[in-house]
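One structure is given below, encoded as structure tokens.
The values are calculated or read from the model by the stated rules, or taken from the named source; none is laboratory data. Given the structure is predicted, the values throughout are model-derived calculations rather than measurements. Cβ placement follows ideal geometry from the backbone for every residue including glycine, while neighbour counts extend to all protein chains displayed. When the accessible area is computed, the model is the full protein with side chains, heavy atoms only, and any ligands, DNA or RNA have been set aside. Shrake-Rupley method; radii C 1.70, N 1.55, O 1.52, S 1.80 Å.
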Amino acid sequence: MRVGQVVNWHNLDAIEHTATLDGTFDSGKIAAFSAHDNAVTMGKAGTFTYHCTIHPGMVGTIVVQ
Ligand SMILES: [Cu+2]
């Protein structure tokens with residue numbers, strides 16, 4: 001994605017999760033089959049890793065160019 005674009009978090013699973021970017025953003029618990037209210041504007045380039053605080057093995061990466 002490009003600098004300045006927005007990430008919206010949607011939980012498509014049947015249990016709650018979080019979207020947590022260390023030092024940047026924490027959605028808190030996102031209920032099953034719902035979206036988080038607070039979108040995140042990715043304001044700078046880089047590779048950002050995120051995880052679920054409930055299930056630490058759930059990880060992902062956002063690449064901002
Ligand atoms: Cu989770």
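Here are the numbers:
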{"item": "Lys, Arg +1 and Asp, Glu -1 on Cβ, resulting dipole of the chain about Cα centre, debye, nearest 20", "result": "240 debye"}
{"item": "Gain in span if fully extended, Val64 to Ala45, counting 0.36 nm per residue against the direct Cα distance", "result": "6.4 nm"}
{"item": "Surface per residue (accessible, 1.4 Å probe) for the chain, Å²", "result": "63 Å²"}
{"item": "Carbon/sulfur fraction of accessible area - the chain, other protein chains in place, 1.4 Å, %", "result": "53 percent"}
